[in-house]
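Every read-out reported here was derived from the displayed coordinates using simple, explicitly stated rules and does not represent laboratory data. All values reported here derive from a predicted model rather than from experimental measurement. Because the Cβ atoms are built from the backbone with ideal geometry, glycine has one as well, and the counts that use them run over all protein chains shown.
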Amino acid sequence: LLIAILSAWFISLWFHARGGKAELGYTHVALDGVAFASSNYFQIYGKWPASLQDFAINSPQNPKHDSFLTYARTLSLATGDGWRHPLVYKPFDPSVGYGSVISYGRDGRPGGVGQDADIEVRFGEKN
């Protein structure tokens with residue numbers, strides 16, 4: 001767990017030191033991490049997380065706990081996207097066949113172009 005938190009901190013510093021598109025790169029890392037953790041959660045618990053808070057419910061004392069779930073929660077709740085806006089988590093919906101995690105981009109509002117554009121990463125889709 002400590003390694004995961006230190007890794008998130010290092011990634012954050014590295015992206016922020018790069019300037020320019022660093023926020024965009026950091027956002028992709030955060031979104032991919034939460035999507036991956038959602039799939040791990042499903043494999044461990046047999047159900048999809050309903051929210052980012054579900055990553056916190058299963059403590060390290062739980063033998064099924066996956067430290068990556070804690071990493072994803074720390075990354076998404078503590079820092080949000082690269083612009084420090086909260087991530088939007090849409091749980092898996094069987095009617096559409098996926099769930100998603102979204103950043104509303106630099107401006108923090110739906111829609112937009114360039115760095116203000118929304119970025120969505122889906123999870124649970126069948127390939």
Burial ranking of peptide ranges 87-96, 26-35 (average Cβ count within 10 Å, highest at the top): 26-35, 87-96
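What net charge is computed for the residues neighbouring HIS85, neighbours being all others with C-beta under 15 Å from the C-beta of HIS85, Lys and Arg scored +1, Asp and Glu -1?
Net charge around HIS85: -3.
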Local electrostatic count, TYR104, Cβ distance below 11 Å [Lys/Arg +1, Asp/Glu -1]: -3
